[in-house]
Structures are given as structure tokens and as C-alpha cells.
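Novice: Submitted below is the structure of interest, expressed as C-alpha cells.
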Amino acid sequence: MRTRAGSEPGAAYAHPSTRHLRPFPQAARAKPPDPRNFESVLSGITGEMRGRGYAPSVVKRARLQLPRFFEHLRQNRIRDLRAVDDEHVFAYARRLAEQASPTTGKPHTVSTQTSYLIEIKRLFRYLLRLGVILRDPTLDLVLPTWSKLPRVVLTMDQARRLLSVTGPDTAGGKRDRAVLELLYGSGIRVRECERLDLHDLDLRHGTLFVRNGKGRKDRMVPIAGRAAVALENYLRQGRPQLAKDPAEHAVFLTAWGTRFKKEKIQDLMRRQVKAAGIEVHATPHTMRHSYATHLLQRGADIRHVQKLLGHSQIQTTALYARVAVEDLKKVVARAHPREKSGSKTRAAKRRG
């Protein structure tokens, strides 16, 4: 199979510097929305987000969350976004922290509060860029600290069991093997896996180029040996059987020759977890959590892991370090002789 003129699958491809540049959105040169018409503003910002390549889920979140902020403004008799000041924004942040969710009746989690406030920050950056406002009222808004540990992290033994389940020796089976090995062998997000194109792979040097990752940032990541082998096997023996359209450059293809989407990857993960007999709710993102945690457990530097995952802040990566430390604490409690003697002493005191 040829992926580009004269090149083999998995061969190195050039990444000109222009690939990393994203044109300034055309919406910025369009007529600014009326700041007194909240629906017009919502349409404008979501249109720009789509034009800049935001994931559909992110655009959908903006469409759902911003109207709640607009309703908060109306309740406070604010009908013009130019009239919003710092206190209006802080009041909304307090409301998110103190009031229960109207849908669940439970308090908003820190991650939910952060999600809402990020959309507010994005809104006022958009208005500032178009010249609708002269000052961003969210400049001094500090996002809540998100310190929630990953829900599920596979143990190294569970990861081995998951990847040891062999599927059918077919084109689809080779694809499934490559997807799972890549998720665990590179730590990329499921959307990043979905968007991979042939020219993003350089198996000769064992790397892949993640285009437009979270925060619209690009990064280069290495591919673990077994993942590289599984990818090479799929590209040479599996993908040619699935490819229907030479113009389709997606790495992973369905039986119809179309891009293998997020939902398909999630379904694959569910089937693989069940087949491996692993009794936890593991998702494709669990592979990313496990990748990071296992690297740290094996002595990787946290800043290196930060680069691999594409985190902008070290605090986010530190969550995985906490998982690793908690795991190590259990090992010490189970194996250290002083811990054992201390446990016996405490037990004797309780009996006394």
C-alpha cells in the first residue's frame, strides 16, 4: 500500500512549519455581534469555534452553558454585555459554587464549575478581540482548583491482561489491536486517536504527530515498541483491505473505509474489558490515565510525562503522581517491617 507518492506506510513525512500555523479566524473580520442580543453573540462565538476547529462536543458545551450565564445576567437586570463587570462574573462563580445543579439537584463539582467559567472567559476574550468591549471582566477570575483523581487506573497486570486478549486475525482485528496498543503505548486522547492521518505517523523513528490536541496545541510523542509493531502490522496487512477511497487518509478505518470514530473506539474498549474479565468501568481515557500512572511508577520524571500528555500545567500531571504515591503507600503498608509491627501494636491497644 502507498500512502503518498513513493512512500511506504509508516514512513517519515515532513511537517513544514506552516502546518503548525492556524489562520486567524475569519469571524474576527466580520461584523461584530450586537452585545445586547445574547443569542446573536452565542451564534457568533460558536460559529467562530467551529471555524477554528474546536471539537463538536466543545461547541455543544458552549451552546448549553453560556445561556445559563446570560440568564444570570438577565436576573440581575443586565441586558448589555458591555455592562458586565468583575463583580457580575464573581457573583456567577459564587452561584455555581453554592447552588445545586438544576438537573441533578446536587452541588456542582469543581470540574463542572471550571467548565462553566472557562466558557465565560472564552466569551469575553471573543468580545474583546472583536472590539465589542474594551476590558475583559474575567481577567482576575481564578478557576477552581481541580484536584480530583482519575476515577479508574488499571494496574500493570490489568493492562497486560487487557492487551493480551487476541481478536480475530482479520483486517478489523489488526486495527483493533493497533488502536488499543496505541492508546496505552502513547497516552493520546481518544479524539486525537480518531483524528490521526497517515502523514502523522513516523514509525521509522517511532513517533506520531498529534495535530490540534486539547487547547488546539500540537505535540510530538513517541510510540512504545509494541504499539509501533501493532501499527506496522495493521498498516501493511489490515488497512489495505479496509481502504475503499484513496483520498481517505485516516489511519484507522471501518469496514466501510471511513474514519474509525470515537464511539467505535469506546465500543471496542468495552468489548475488550469484558473479554479480559476486568471488573472495572474502563474507557479509552482509562488507558491514558494508566499510561501516565505507570510511567511515574516506573520512575519517569513528572515534567517528561507532562510533555507526553500535552498538559499545559504541571498540576494536572501531578494528579497522576498522587495516584502513584497512593499505590506506593499501600506497598509500604503491606511490606515494610516497621509498618507490620506498628499495626500489631495498634491492634493490641484496641483490644486492651
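Throughout, read-outs are computed from the coordinates displayed, never taken from laboratory work. Keep in mind it's a predicted model, so treat the numbers as computed, not measured. Glycine also receives a Cβ, built like all others from the backbone with ideal geometry; neighbour counts cover every protein chain displayed.
Novice: Suppose the chain between ARG125 and LYS214 were pulled fully straight at 0.36 nm per residue; how much longer would it get relative to their current alpha carbon spacing?
Specialist: Result: 30.2 nm gained on full extension.
Novice: Using the reciprocal of the averaged 1/r over all distinct C-alpha pairs, how large is the Kirkwood radius of the stretch 31-129 in Å? Don't skip to the answer; put the middle values down first.
Specialist: Numbers: mean 1/r = 0.0711 Å⁻¹.
Evaluated on the stretch 31-129, it is 14.1 Å.
Novice: Between the stretch 250-274 and the stretch 172-192, how many Å separate their Cα centres?
Specialist: Taking the Cα centre of the stretch 172-192 as reference, the centre of the stretch 250-274 is 9 Å away.
Novice: Using 0.36 nm per residue of separation minus the Cα-Cα distance, give me the extension gain between LYS106 and ASP267 in nm, one decimal.
Specialist: Length gained between LYS106 and ASP267: 55.0 nm.
Novice: Here's something else I'd like to know. Take the Cα radius of gyration of the stretch 156-333 and divide it by 2.2 N^0.38 Å, with N its residue count; two decimals is plenty.
Specialist: Rg over 2.2 N^0.38 Å, computed on Cα atoms: 1.04.
Novice: What full-extension length gain, to one decimal in nm, is calculated for THR114 and THR254 as 0.36 nm per residue of separation minus the Cα-Cα distance?
Specialist: Here the segment from THR114 to THR254 would lengthen by 46.8 nm.
Novice: Below 15 Å, Cα to Cα, which aspartates and glutamates can LYS106 reach? Residues fewer than 8 away in the same chain don't count.
Specialist: Hits, sequence-local ones excluded: GLU98.
Novice: Of SER57, ASN37, PHE70, which is farthest along the charge dipole of the stretch 31-129 in the positive direction, counting Lys and Arg as +1 and Asp and Glu as -1 at C-beta?
Specialist: SER57
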